[in-house]
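The values are calculated or read from the model by the stated rules, or taken from the named source; none is laboratory data. What you see is a predicted model; the values in this text were computed from it and never measured. Here Cβ is always computed from backbone atoms with ideal geometry, including for glycine, and neighbour counts include all displayed protein chains.
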Amino acid sequence: MEISAIENSYLKHGTKYKGILGWLTSTDHKRIGLMYMYAIMIFFLVGGLLGGLMRLELFRPGQDYITAQTYNAVFTVHGVIMIFLVVIPGLAAVFGNILMPIMIGARDVAFPKLNLFSFYIYIFGAILAISSQFLGKGAPDTGWTFYAPYSTDTNTNVVAAVLAAFVLGFSSILTGLNFIVTIHRMRAPGMTWFKMPLFPWSLYATAWIQLLATPIVGITLLMIIAERWFKIGFFDPNLGGDPILFQHLFWIYSHPAVYIMILPAMGVITEIIPTFSQKRVFGYKAIVFSSVAIAAVGYLVWGHHMYTAGMSVTARWFFSLLTFIVAVPSAIKVFNWISTMYKGSINLQPPFFFTMAFIFNFMIGGLTGLVLGSLATDIHVHDTAFVVAHFHYIIFGGMGFAFLAAIHYWFPKIYGRMYNNKLANTSCALIFGGFTLLYFPQFIIGLQGMPRRYFDYLPKYEWGQVFSFFGAIVLGIGILIMLINLFKSARKGKIASSNPWGGKTLEWTIASPPTVENFEEIPIITEGPYEYK
Amino acid sequence: MEQEHQHITSYRTYAIVLTALLFLTAITVFVTWFDLEALTIVVAMAIACVKVTIVISYFMHVKHDKLVFKLMVGMVFILILVIFLILFSDYLFR
Ligand code: HEM
Ligand SMILES: [Cu+2]
């Protein structure tokens with residue numbers, strides 16, 4: 001009988017086409033989400049291999065395997081792939097698509113065709129990004145930040161990479177738009193704003209950032225192309241431009257973009273903790289308002305990336321103040337998570353372990369963010385490995401671990417099968433251990449002065465780079481074990497029940513995996529999303 | 001389902017809006033004959049803002065839309081304004 005749940009699910013039924021074509025033409029939000037997931041996984045592996053290549057080069061001081069120019073290209077491509085192809089779409093496009101409509105009691109997103117269209121824009125942008133590496137006069141070497149005026153006069157293939165980021169922006173904007181309309185218009189009857197689960201809430205806050213911030217980077221990237229082709233002097237001082245203007249415009253988008261990455265991650269964590277504590281979430285409204293506050297104040301702190309760029313002292317002072325303010329709502333969330341667990345009946349399962357790792361990493365990432373946010377200390381550590389460690393702790397240790405927590409949490413819902421618990425726990429331990437070994441030493445050598453984006457270094461930093469190298473190997477093994485476990489279980493795992501964790505939100509009330517329509521009958525909501533007894 | 005009310009704008013209104021936009025475009029061109037120095041941007045932006053407001057209100061129907069949409073559009077304007085203000089805390093004090 002349970003096997004038939006899989007036979008009747010969206011995995012087997014879709015459009016009039018069969019097989020792969022049935023997936024590629026499907027407007028089912030669950031299928032689109034899964035397609036994003038497979039694509040993102042591939043790009044993650046490519047980006048990860050490039051990261052491994054850098055670690056290999058940095059294993060010993062001096063030039064070993066690749067030239068300085070290749071090294072510059074490698075960190076640029078690594079950054080572009082990881083930021084624009086993996087973590088910015090990441091949680092919203094994958095789990096937002098698969099689960100948000102179900103969690104609010106809808107049959108699909110508001111504009112299913114637009115949703116599929118966003119996916120194809122994403123693929124088109126991805127092809128552009130990858131081909132920028134092979135076409136033209138060499139791979140771009142500007143770093144993912146494309147700082148002018150170097151980006152407007154280097155001979156490498158910057159235009160293709162910039163165009164790729166521009167195109168990917170459209171995919172992001174359309175997904176955001178789709179989610180805003182879906183959440184406004186398609187909530188099940190009785191689901192008021194404050195009865196909506198918190199993952200959809202975090203997606204709603206994120207969607208507004210996607211919608212409003214992304215166009216700014218779009219225009220900025222076009223300005224680079226205009227300056228390259230037509231010599232219009234926006235940024236290059238030789239043409240009468242201002243290079244700091246580029247940094248302003250770039251970070252006006254890219255700081256809010258870091259919240260595009262982390263807000264949905266916080267949403268995932270907020271779903272997992274009540275389920276595995278069997279307890280009502282602590283401070284529902286505080287979590288909602290902190291998401292909105294992060295989205296709003298996050299727009300106003302971009303200058304903390306530019307303390308050493310030559311801004312006015314007034315602006316630097318002001319940005320430092322605002323940066324400290326934005327840390328407050330993030331901390332509120334951490335307190336809420338801890339208080340939710342307090343006196344709950346904790347169920348130690350793989351998603352919960354990933355969640356604990358998230359909180360640990362996010363604390364380190366967030367607190368070092370404050371070290372960077374305060375004007376005086378940042379002057380010392382700006383553009384060192386300390387920054388590299390900070391944002392990897394937030395992005396990989398935070399968003400990445402939340403992604404892994406999410407996949408282990410919703411895996412039985414998505415595939416109708418269960419993975420091997422022991423292997424999942426082992427891979428969690430390996431990934432966490434490897435991650436710590438890889439990035440923690442970077443804090444220390446960063447404080448000692450190891451610059452970022454350098455392919456060579458003084459011997460005194462060698463110990464840290466060696467630790468990082470072995471950390472990367474452990475991390476890689478952990479990821480490999482996890483992938484094997486998940487892929488095998490998706491096809492052959494034990495059949496899962498519709499609610500294996502005892503969750504309370506709507507996705508746990510329907511079959512695993514869901515049918516094409518999600519709900520036979522749209523539920524009527526009478527109580528909040530986390531009413532555990 | 002709730003009732004979606006329709007609003008039909010007359011041709012006359014559209015004609016007036018179009019004329020106003022063309023007139024403002026002419027002014028934009030006209031002011032380039034003078035060198036306003038630091039004020040050049042301010043004037044150009046001010047005219048552009050008026051045009052944008054007209055387009056959004058009439059052509060994009062926000063004038064007759066529900067309050068929630070007006071609030072959303074208003075929110076975006078406030079955001080841009082705040083971003084500009086903060087940006088100029090750099091340029092004005094360098
Ligand atoms: C507690 C809140 C946070 C604070 C106060 C903070 C502060 C900072 C500061 C000041 C820098 C600039 C360092 C420098 O270049 O000198 C920075 C860099 C960075 N942060 Fe954060 N951060 C926070 C959270 C986050 C989050 C949540 C993310 C992403 C999800 C993130 C991603 C990044 C990235 C990508 C960079 C590097 C940009 C670059 O220079 O290439 N940060 N952070
Ligand atoms: Cu930032």
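Could you say whether any residue in the stretch A:85-100 is surrounded by fewer than 18 Cβ atoms within 10 Å (Cβ to Cβ) and either in contact (Cβ under 8 Å) with a residue 12 or more places away in the chain or under 18 Å from the mean Cα position of the chain (by Cα) (or both)?
No, there is no match, as no residue in the stretch A:85-100 is surrounded by fewer than 18 Cβ atoms within 10 Å (Cβ to Cβ) and either in contact (Cβ under 8 Å) with a residue 12 or more places away in the chain or under 18 Å from the mean Cα position of the chain (by Cα) (or both).
Sort out for me the helices (runs of 4 or more DSSP H) sitting completely within the stretch A:1-119 that have 1 or more residues that are among the basic types (Lys, Arg).
On the way: elements: A:2-7, A:19-24, A:29-58, A:68-80, A:97-103.
It comes to A:29-58.
Where in the stretch A:346-454 are there helices (runs of 4 or more DSSP H), lying wholly inside it, with at least 1 residues that are among the basic types (Lys, Arg) and in contact (Cβ under 8 Å) with a residue 40 or more places away in the chain? Give the derivation first.
Working: elements: A:350-373, A:375-381, A:385-394, A:401-415, A:421-447.
By residue number, A:401-415.
Before we move on, is A:TRP302 without any contact (Cβ under 8 Å) to a residue 60 or more places away in the chain, within 13 Å of another protein chain (Cβ to nearest Cβ), out of contact with any Asp or Glu (no Cβ under 6 Å at 6 or more places or on another chain) and surrounded by fewer than 24 Cβ atoms within 10 Å (Cβ to Cβ)? Spell out how you get there, then give the answer.
Values: without any contact (Cβ under 8 Å) to a residue 60 or more places away in the chain: yes; within 13 Å of another protein chain (Cβ to nearest Cβ): yes; out of contact with any Asp or Glu (no Cβ under 6 Å at 6 or more places or on another chain): yes; surrounded by fewer than 24 Cβ atoms within 10 Å (Cβ to Cβ): no.
It is false that A:TRP302 is without any contact (Cβ under 8 Å) to a residue 60 or more places away in the chain, within 13 Å of another protein chain (Cβ to nearest Cβ), out of contact with any Asp or Glu (no Cβ under 6 Å at 6 or more places or on another chain) and surrounded by fewer than 24 Cβ atoms within 10 Å (Cβ to Cβ).
Which residues, taken from the stretch A:327-357, are within 13 Å of A:PHE401 (Cβ to Cβ) and of a type in the set (Gly, Ala, Ser)? Break it down stepwise before answering.
Of the stretch A:327-357, the ones within 13 Å of A:PHE401 (Cβ to Cβ) are A:350-357.
Of everything in the stretch A:327-357, just one residue is within 13 Å of A:PHE401 (Cβ to Cβ) and of a type in the set (Gly, Ala, Ser), namely A:ALA357.
The rows are residues; the columns are (1) within 10 Å of ligand 1 (Cβ to nearest atom); (2) on the phi > 0 side of the Ramachandran plot; (3) touching a helix residue (DSSP H, G or I) at 6+ places or on another chain (Cβ under 6 Å).
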| site | (1), (2), (3) |
| --- | --- |
| A:MET311 | no, no, yes |
| A:PRO329 | yes, no, yes |
| A:TYR342 | no, no, no |
| A:PRO350 | no, no, yes |
| A:VAL388 | yes, no, yes |
| A:PHE391 | yes, no, no |
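Counting just the residues of the stretch B:66-79 that are β-branched (Val, Ile, Thr) and facing another protein chain (nearest Cβ under 9 Å), which one comes out surrounded by the most Cβ atoms within 10 Å (Cβ to Cβ)? Can you show your working first?
So in the stretch B:66-79, the residues β-branched (Val, Ile, Thr) come out as B:68, B:73, B:76, B:78.
Now restrict to residues that are facing another protein chain (nearest Cβ under 9 Å): B:68, B:76.
On the way: B:VAL68: 8, B:VAL76: 13.
Filtering first and then ranking leaves B:VAL76.
Is one or more of the residues making up the stretch A:174-185 touching a residue at least 60 places away in the same chain (Cβ under 8 Å), surrounded by fewer than 20 Cβ atoms within 10 Å (Cβ to Cβ) and not in a helix (DSSP H, G or I)?
Taking every residue of the stretch A:174-185 in turn, none turns out to be touching a residue at least 60 places away in the same chain (Cβ under 8 Å), surrounded by fewer than 20 Cβ atoms within 10 Å (Cβ to Cβ) and not in a helix (DSSP H, G or I).
From A:TRP208, A:TRP201, A:TRP193, A:TRP144, which residue is over 23 Å from the mean Cα position of the chain (by Cα), modelled with pLDDT of 90 or more and not aliphatic (A, V, I, L, M)?
On the way: A:TRP208 fails: over 23 Å from the mean Cα position of the chain (by Cα); A:TRP201 fails: over 23 Å from the mean Cα position of the chain (by Cα); A:TRP144 fails: over 23 Å from the mean Cα position of the chain (by Cα).
Exactly one residue qualifies, and that residue is A:TRP193.
Examine the stretch A:312-319 for a residue that is more than 9 Å from chain B (Cβ to nearest Cβ), assigned to a helix (DSSP H, G or I), crowded, with 17+ Cβ neighbours inside 10 Å and within 12 Å of ligand 2 (Cβ to nearest atom), and state whether such a residue exists.
Looking for residues that are more than 9 Å from chain B (Cβ to nearest Cβ), assigned to a helix (DSSP H, G or I), crowded, with 17+ Cβ neighbours inside 10 Å and within 12 Å of ligand 2 (Cβ to nearest atom), one finds none in the stretch A:312-319, hence no.
Could you tell me which numbered condition B:VAL17 fails, if it satisfies all but one of (1) touching a Phe, Trp or Tyr at 6+ places or on another chain (Cβ under 6 Å); (2) exposed (fewer than 13 other Cβ atoms within 10 Å of the Cβ)?
Result: B:VAL17 passes all but (2).
Conditions: (1) out of contact with any strand residue (DSSP E or B) (no Cβ under 7 Å at 6 or more places or on another chain); (2) modelled with pLDDT of 95 or more; (3) among the hydrophobic types (A, V, I, L, M, F, W, C). A:MET450 meets all but one. Number of the miss?
(1)
If you check A:ILE32 against the conditions, is it more than 17 Å from A:VAL388 (Cα to Cα), surrounded by fewer than 16 Cβ atoms within 10 Å (Cβ to Cβ) and either out of contact with any Asp or Glu (no Cβ under 9 Å at 6 or more places or on another chain) or hydrophobic (A, V, I, L, M, F, W, C) (or both)? Break it down into steps so the answer makes sense when it comes.
On the way: more than 17 Å from A:VAL388 (Cα to Cα): yes; surrounded by fewer than 16 Cβ atoms within 10 Å (Cβ to Cβ): no; either out of contact with any Asp or Glu (no Cβ under 9 Å at 6 or more places or on another chain) or hydrophobic (A, V, I, L, M, F, W, C) (or both): yes.
Answer is no for this residue.
For A:TYR307, all conditions in the list (1) more than 12 Å from chain B (Cβ to nearest Cβ); (2) over 21 Å from A:MET399 (Cα atoms); (3) within 10 Å of ligand 1 (Cβ to nearest atom) hold save one; what is the number of the exception?
Against the list (1) more than 12 Å from chain B (Cβ to nearest Cβ); (2) over 21 Å from A:MET399 (Cα atoms); (3) within 10 Å of ligand 1 (Cβ to nearest atom), A:TYR307 comes up short only on (1).
Any idea which residue in the stretch A:270-299 is farthest from A:SER202 (Cα to Cα), counting only those that are away from ligand 1 (no atom under 13 Å from the Cβ) and within 14 Å of chain B (Cβ to nearest Cβ)?
A:TYR299
Do we find that A:ILE244 is within 16 Å of ligand 1 (Cβ to nearest atom), surrounded by fewer than 23 Cβ atoms within 10 Å (Cβ to Cβ), more than 25 Å from the chain's Cα centre (by Cα) and closer than 25 Å to A:PRO215 by Cα in this structure? I'd like the intermediate steps shown before the answer.
Details: within 16 Å of ligand 1 (Cβ to nearest atom): yes; surrounded by fewer than 23 Cβ atoms within 10 Å (Cβ to Cβ): yes; more than 25 Å from the chain's Cα centre (by Cα): yes; closer than 25 Å to A:PRO215 by Cα: yes.
In short, yes.
Name the residue, out of A:PHE411, A:PHE396, A:PHE362, that is under 21 Å from A:PRO500 (Cβ atoms) and within 20 Å of the chain's Cα centre (by Cα). Talk me through it step by step, then tell me what you get.
Values: A:PHE396 fails: under 21 Å from A:PRO500 (Cβ atoms); A:PHE362 fails: under 21 Å from A:PRO500 (Cβ atoms).
Just a single option satisfies the conditions, and that option is A:PHE411.
For A:SER172, state whether it is farther than 30 Å from A:ASN518 by Cα, hydroxyl-bearing (Ser, Thr, Tyr) and under 23 Å from the mean Cα position of the chain (by Cα).
no
Restricting to the stretch A:457-466, what's the tally of residues that are surrounded by fewer than 19 Cβ atoms within 10 Å (Cβ to Cβ) and either assigned to a helix (DSSP H, G or I) or basic (Lys, Arg) (or both)? Walk me through it before giving the result.
First pass over the stretch A:457-466, keeping only residues surrounded by fewer than 19 Cβ atoms within 10 Å (Cβ to Cβ): A:458-460, A:462-463, A:466.
Now narrow it down to the ones that are either assigned to a helix (DSSP H, G or I) or basic (Lys, Arg) (or both): A:459-460, A:462-463, A:466.
Residues that pass the stated criteria total 5.
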